[in-house]
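Heads up: the structure comes next, in C-alpha cells.
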Amino acid sequence: MTSHAGISINGLNKSFGETSVLKDISLDIAPGERVVVIGPSGTGKSTLLRCLNYLDRPDSGTIRVGDLTVNPAKASRSDILALRRRTSFVFQNYALFANKTARQNITQALITVKGQSKADAQARADEILRETGLADKANSYPAALSGGQQQRVGIGRAMALDADLMLFDEPTSALDPEWVGEVLDLMRRVAEKRQTMLIVTHEMQFAREIADRIIFMSDGQIVEQGTPEKLLETPQDPRTQAFLRRVA
Ligand code: ADP
Ligand code: MG
C-alpha cells in the first residue's frame with residue numbers, strides 16, 4: 001500500500017445561521033490510525049466529517065493533509081478538489097447513482113475525482129469489486145442490490161480513491177440488522193490494511209474492537225478522547241458517562 005499522509009485539523013468552526021455547530025475543533029490523526037467518533041445526535045459529528053471533505057464549508061480553521069493546507073479564507077476550487085482526492089466519504093444512505101451500475105458508480109468516482117482514464121478506472125473498479133466480494137454484482141443497479149451490498153459498493157467507491165483519510169458517517173445506521181455484519185466485516189478488512197479512518201458509529205462493540213482512539217463529542221466540541229479501554233471503561237466527563245449509560 002502507498003504511504004499515506006497524516007491529518008491535522010486546527011481551530012475548525014462551523015455555524016448554520018445563528019447555530020454554532022462546530023466550536024474550535026482541533027484534532028490530529030496519524031497515518032494508519034483508526035479513530036471512532038461517538039456522541040449524541042445533533043452534536044456536529046456529521047458536520048465535522050462533511051467539513052473535512054468540504055461538503056460543508058467551514059467558517060474558519062485549517063485542514064492539513066500532508067503538504068496540502070486548506071483554509072476557508074482562501075481555499076481555491078483546486079485546493080478543494082485536491083482535498084477531495086485525499087479524503088473519501090462513505091455516507092449513511094450510500095449515495096449511489098441510481099442510474100449507474102455498481103461498476104459504473106466506482107469508475108465514475110475515479111474519473112471525476114481522480115481524473116483517471118476510463119480504462120484505468122474500469123480496471124481499478126474490477127479489482128475493488130473482487131475485493132469487496134461484489135464481482136458478480138458489477139453490472140447490477142443499486143435498486144437490484146440489498147442494503148448491505150449497496151453500502152459495500154459505497155465503501156468500495158471510497159476505497160478505490162486510495163485516499164489519505166476515509167470518512168465513514170454512520171455507515172450501518174440505515175441498514176436492516178441482517179446486513180450490518182457484512183458491512184462491518186468489510187470495514188474491518190479496510191482497517192487491517194492500516195488505512196487511516198475516521199468513523200462515526202453507534203456500533204460500540206465494533207468501535208471497541210477496531211479503534212485506536214475513541215473521541216466523545218458533545219455540543220460541537222471534543223469533550224474527551226482516549227483508547228477504547230480508557231474512554232469506555234473510565235470516562236471522566238459526566239456527559240460521556242451519561243451517553244455511555246444510554247448506549248450500553
Ligand atoms: P450529528 O451528526 O452529530 O447528529 P449534525 O452534524 O448532523 O449532528 O448536526 C449538528 C447540528 O447542525 C444540528 O443541530 C443540525 O440540525 C444542524 N445542521 C446540520 N446541517 C445543517 C444544514 N445544512 N443547515 C442547517 N442546520 C444544519
Ligand atoms: Mg450525523
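What follows is calculated from the coordinates using simple rules that are stated; it is not laboratory data. The structure displayed is predicted, hence computed values, not measured ones. Every residue, glycine as well, gets a Cβ built from its backbone with ideal geometry; the counts of neighbours run over all protein chains shown.
For the stretch 17-40, the set of residues classified as within 12 Å of ligand 1 (Cβ to nearest atom) and touching a residue at least 24 places away in the same chain (Cβ under 8 Å) consists of S20, V21, L22, K23, I25, V37, I38, G39, P40, listed by residue number. Scanning the stretch 77-110 for residues that are in contact (Cβ under 8 Å) with a residue 24 or more places away in the chain and of a type in the set (D, E, K, R) turns up R84, R85, R86, K100, R103.
For the stretch 41-55, the candidate set comprises residues that are assigned to a loop (DSSP other than H, G, I, E, B) and near ligand 1 (Cβ under 7 Å from one of its atoms); within that set, the residue that is surrounded by the fewest Cβ atoms within 10 Å (Cβ to Cβ) is S41.
Annotation: I63 fulfils all but one of (1) assigned to a strand (DSSP E or B); (2) within 16 Å of ligand 2 (Cβ to nearest atom); the unmet one is (2). Taken together, the residues in the stretch 173-214 that are part of a helix (DSSP H, G or I) and of a type in the set (D, E, K, R) amount to 8.
Considered as a group, the residues in the stretch 1-40 that are among the charged types (D, E, K, R) and over 20 Å from V90 (Cβ atoms) include one that is surrounded by the most Cβ atoms within 10 Å (Cβ to Cβ), and that residue is K14. For I80, the stated conditions do not hold, so it cannot be described as hydrophobic (A, V, I, L, M, F, W, C), under 26 Å from S218 (Cβ atoms) and away from ligand 2 (no atom under 16 Å from the Cβ).
Being touching a residue at least 12 places away in the same chain (Cβ under 8 Å), within 14 Å of the chain's Cα centre (by Cα), closer than 16 Å to V36 by Cβ and surrounded by fewer than 21 Cβ atoms within 10 Å (Cβ to Cβ): is that true of R208 here? Against the criterion (touching a residue at least 12 places away in the same chain (Cβ under 8 Å), within 14 Å of the chain's Cα centre (by Cα), closer than 16 Å to V36 by Cβ and surrounded by fewer than 21 Cβ atoms within 10 Å (Cβ to Cβ)), R208 does not qualify.
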